[in-house]
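Worksheet: one structure, shown below.
The values are calculated or read from the model by the stated rules, or taken from the named source; none is laboratory data. This is a predicted model, so every value here is computed, not measured. Cβ: placed from backbone, ideal geometry, glycine included. Neighbour counts: every protein chain shown.
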Amino acid sequence: MAILLRGVNVGGHKRIAMSSLRALLTRLGYSNVSTILASGNAVISTTDDAARVERTVRGALMEELGMSVDIIIRTYDEIERLVARAPLLEHSDNGSRHFVAFLAEPAGPNTFVKLDGLKLGHERFDIHGSEFTFWCPLGITESVVAKRFATTAASTVATVRNWNTVEKLRARLAD
């Protein structure tokens, strides 16, 4: 199971060492605990369901570190289906500019209505269930899709990872 912490170690906010995160997850009884990069990505083995993992980890982060963090959980099967679908891969030639926003709940029909009619240029986006995938050839800071996503997705919890990280999560989950 993949645990994606939202907004940690970004711009000096909500700092958490990945060694501390691994230790916390191990104390909670999860096995095969590992982290990927320093941006709040962890992989664990557990028989608990996603909702229980989310509640348990959120509570432990608050209790042990005094940190309120939104958490998105994805199973191996969910990550595998995302990668198999490979949204926008035909447009992407750089995994660091191909992004997935993992949403806490599936996008409703009006969730991203403000994206309609955007002048995309070479940018592309795809909405499928609880993943919003977007390709930003000029980078995320120059992206009209990313800017509009940030203003339209405020009603749901989301955390963004680039495609390179998604592939690393997939590989680690497969181990």
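Given the options Ser31, Ser68, Ser130, name the one that is under 18 Å from the mean Cα position of the chain (by Cα), hydroxyl-bearing (Ser, Thr, Tyr) and surrounded by fewer than 13 Cβ atoms within 10 Å (Cβ to Cβ).
After applying the criteria, what remains is Ser68.
Just to verify a result, which residue in the range 1-14, among those that are part of a loop (DSSP other than H, G, I, E, B) and at pLDDT 90 or above, is surrounded by the most Cβ atoms within 10 Å (Cβ to Cβ)?
Restricting to residues being part of a loop (DSSP other than H, G, I, E, B) and at pLDDT 90 or above, the top hit is Met1.
Kindly evaluate Arg27 against the criterion of being under 17 Å from Arg6 (Cα atoms) and outside the structural domain of Ile140 (by TED's automatic domain parsing).
It is false that Arg27 is under 17 Å from Arg6 (Cα atoms) and outside the structural domain of Ile140 (by TED's automatic domain parsing).
Among the residues of the range 136-146, which ones are of a type in the set (Gly, Ala, Ser) and either in the same structural domain as Val69 (by TED's automatic domain parsing) or outside any helix (DSSP H, G or I) (or both)?
Matches in the range 136-146: Gly139, Ser143.
Is it the case that some residue within the range 45-66 is at pLDDT below 95, touching a helix residue (DSSP H, G or I) at 6+ places or on another chain (Cβ under 7 Å) and among the polar types (S, T, N, Q)?
Among the residues of the range 45-66, not one is at pLDDT below 95, touching a helix residue (DSSP H, G or I) at 6+ places or on another chain (Cβ under 7 Å) and among the polar types (S, T, N, Q), which makes the answer no.
Here is a check on your reading of the model: is Ile79 at pLDDT 95 or above, surrounded by 15 or more Cβ atoms within 10 Å (Cβ to Cβ), in contact with a helix residue (DSSP H, G or I) (Cβ under 7 Å, 6 or more places away or on another chain) and part of a helix (DSSP H, G or I)?
Here the answer is yes, as Ile79 does meet what is asked.
Report, by residue number, each residue of the range 147-174 that is assigned to a helix (DSSP H, G or I) and crowded, with 19+ Cβ neighbours inside 10 Å.
If the condition is that a residue be assigned to a helix (DSSP H, G or I) and crowded, with 19+ Cβ neighbours inside 10 Å, then Phe149, Trp163, Thr165, Val166, Leu169, Leu173 are the ones that fit.
Just to check your reading of the model, which residue among Asn9, Asn41 is assigned by TED's automatic domain parsing to the domain that holds Val69, under 18 Å from the mean Cα position of the chain (by Cα) and in contact (Cβ under 8 Å) with a residue 60 or more places away in the chain?
Criteria check complete, one pass: Asn41.
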